[in-house]
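Any read-out appearing in this document is the output of simple, stated calculations on the displayed coordinates, not a laboratory observation. The shown structure was predicted, so the numbers you read here are calculated from the model rather than taken from an experiment. Using ideal geometry, Cβ is built from the backbone for each residue, glycine included, and neighbour counts are taken over all protein chains shown.
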Amino acid sequence: MIQIRIHGRGGQGVVTAAELLASAAFLDGLYAQAFPLFGVERSGAPVQSFVRLDKKPIITREQIYRPDILIIQDDSLLAVKEILVGIKPNSILIINSRTKKTDLASKLKNKIKRHNIYPSPATEIALELLGKNLVNTVILGSFAQVTKLISLKSLLAAITDKFADKGKEIINKNKNAVLKSYQYEEKE
């Protein structure tokens, strides 16, 4: 079973990101589970959601304490000590950041291997293609490219389905943003 924890701030679409990830995985033939952790969150407050993926039915319903993959939609959250709780040396971190992989590794004080850290310019892409800093779909393009756990085709189909009531323009903007993040490669 692959366990994924998504961190962001209220209003960044953390819950939607989890739903889209689970939907794409389901379209690829996997069992999937997505759920948020709600409290009295407000816009800008730290929020998290969880996703589990497996080839067999998922029975457990608890929060994810030892993630295989951590998606961080706002790199300022790296300053919050609790964000990295439970990560394993081989966990994968996908971080919305323009900071280089080596600099992120130093910032994380070697809690994770440098080759398991993947910066994504999700904010930059979102501002350019969506016109606002809404990175949830964008960073999933990076997730698909890095992990190969979901196909790009299924991710785009999940976006089409999820945003059907928002119209073709919103759907196409999100698809283009996902494609751009999927194709991104850090220059070292």
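Evaluate Rg over Rh across the range 2-183, taking Cα atoms for both radii and Kirkwood's formula for Rh.
Computed over Cα atoms, the ratio is 0.94.
Antiparallel versus total DSSP beta bridges in the range 2-183: what percent is that, nearest 5?
Taking every DSSP beta bridge with both residues in the range 2-183, the antiparallel ones total about 55 percent.
Under a straight-distance cross-link criterion of Cα-Cα below 23 Å, which lysines are reachable from LYS107, leaving out those fewer than 8 residues away in the same chain?
Straight-distance partners of LYS107: LYS81, LYS88, LYS187.
Find which of PHE143, ALA177, LEU155 sits farthest along the positive direction of the dipole of the range 99-188, computed with +1 on the beta-carbon of Lys and Arg, -1 on that of Asp and Glu, about the Cα centre.
Of PHE143, ALA177, LEU155, it is PHE143.
Sorting ARG9, ARG66 on the 10 Å Cβ count, fewest up front, what's the list?
Sorted ascending by nearby Cβ count, the order is ARG66, ARG9.
Calculate the length of the line joining the C-alpha centroid of the range 53-82 to that of the range 102-161, in whole Å.
Cα centroid to Cα centroid, the span is 14 Å.
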